[in-house]
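Input: a single structure, listed below in structure tokens.
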Amino acid sequence: MKKHSYTLIALVVIAGPLALSFDQKVNFIQYLLPVLGATGIIGALYIIWDMLVTRAGHWQFNDEFVGTRRLLDLPPGEWLFFLCVPYATLFIFEVVEAYFGMGTLRPELWWTQALAIPPFLALAFLFRRRGYTLLAMSSVALFALVSLILVPGLFASSSFWLFFLFSFLAFSLVNGIYTSLPTIRYNSRAMLGIRVGSIPLEDFFYNLAYLGLTLTVYLALKSP
């Protein structure tokens with residue numbers, strides 16, 4: 001059972017949102033196609049990233065908690081992560097929309113996204129010798145750029161910030177379990193070495209970009 005920890009945690013993450021997808025107020029199941037589209041597009045990008053950095057030695061999976069099976073260098077739990085986590089977090093976004101109703105976009109405030117690009121590119125350049133840090137910071141800049149193009153004004157939406165508040169609380173809990181077991185061992189040379197509890201600082205930016213890009217593509221596919 002221990003070697004299936006990674007997989008079981010991913011399944012627990014999706015269990016609640018999946019069970020509540022037919023809730024009449026949220027009716028999340030109606031958005032299944034854009035959910036799958038966004039999950040597939042951004043998931044493919046991040047799976048390629050995951051494969052490359054695993055081979056480069058930025059991190060390695062701990063067989064004790066993920067098992068020894070691999071598909072393209074990634075364990076089953078990692079593949080499930082890229083399916084379960086976006087489903088759960090997009091469900092959170094729709095819950096925020098349904099119960100708080102503050103999702104009005106302000107396209108005229110597109111510059112709020114543009115402002116985020118230069119500092120993260122600067123951080124990526126500053127820490128260019130730290131592989132994971134470089135990619136994490138670059139991915140946030142990419143998220144800001146893509147969201148600026150596809151969903152201008154996203155950063156000015158109250159729903160966006162509530163989505164990230166709730167998603168990051170969930171992320172801190174789940175990733176805290178992942179990293180404290182640990183399911184993944186990080187290469188200290190590829191990162192800054194700063195941790196929040198057991199979670200590397202870079203993980204927060206990795207997830208910010210991953211969840212943000214998934215939400216951006218989801219909203220673009222969902223819009224009429």
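E97 to L192: extension gain in nm, 0.36 nm per residue of separation minus the Cα-Cα distance? Intermediate results must be reported in sequence, preceding the final value.
Details: separation 95, 0.36 × 95 = 34.20 nm, distance 3.62 nm.
Stretched fully, the E97-L192 segment lengthens by 30.6 nm.
For K2, a cut-off of 16 angstrom between C-alpha atoms picks up these aspartates and glutamates, skipping any fewer than 8 places away in its own chain: D63, E64, E78.
Nearest 500 deg cm²/dmol is fine: what mean residue ellipticity at 222 nm does the chain get from its DSSP H runs of n ≥ 4 alone, each adding -39,500 (n - 2.57), divided by its residue count? Working shown, then result.
Details: 9 runs with 148 residues, N = 224.
The helix-only estimate for the chain comes to -22000 deg cm²/dmol at 222 nm.
Relative contact order of segment 2-222, taken over Cα pairs closer than 8 Å and 6 or more residues apart, is 29 percent.
Taking amide H atoms as placed 1.01 Å from N in the peptide plane, the amide H of W59 lies under 5 Å from those of N187, each 5 or more residues away in sequence or on another chain.
Proximity of backbone amide H atoms, modeled 1.01 Å from N, is registered between V196 and L201 at under 5 Å, excluding neighbours fewer than 5 places apart on the same chain.
Bridgeable lysines around K222 (alpha carbons under 18 Å apart, same-chain partners fewer than 8 residues away excluded): K25. Simple point charges give the picture: +1 on the Cβ of Lys and Arg, -1 on the Cβ of Asp and Glu, and for the chain a dipole about the Cα centre of about 540 debye. Distance between the C-alpha centers of segment 1-72 and segment 181-211? Whole Å please. Between the Cα centres of segment 1-72 and segment 181-211 lies a distance of 17 Å. So which DSSP H runs in the chain come out at 20 Å plus along the axis (Cα) with average Kyte-Doolittle of at least 1.6? Length and hydropathy pass: 5-19, 131-150.
Values quoted throughout were computed directly from the atomic coordinates according to the rules given, and no laboratory measurement underlies them. Since the model is a prediction, treat every value here as computed from it, not as a measurement. Cβ coordinates were reconstructed from backbone atoms using ideal geometry, including for glycine residues, and neighbour counts include every protein chain displayed.
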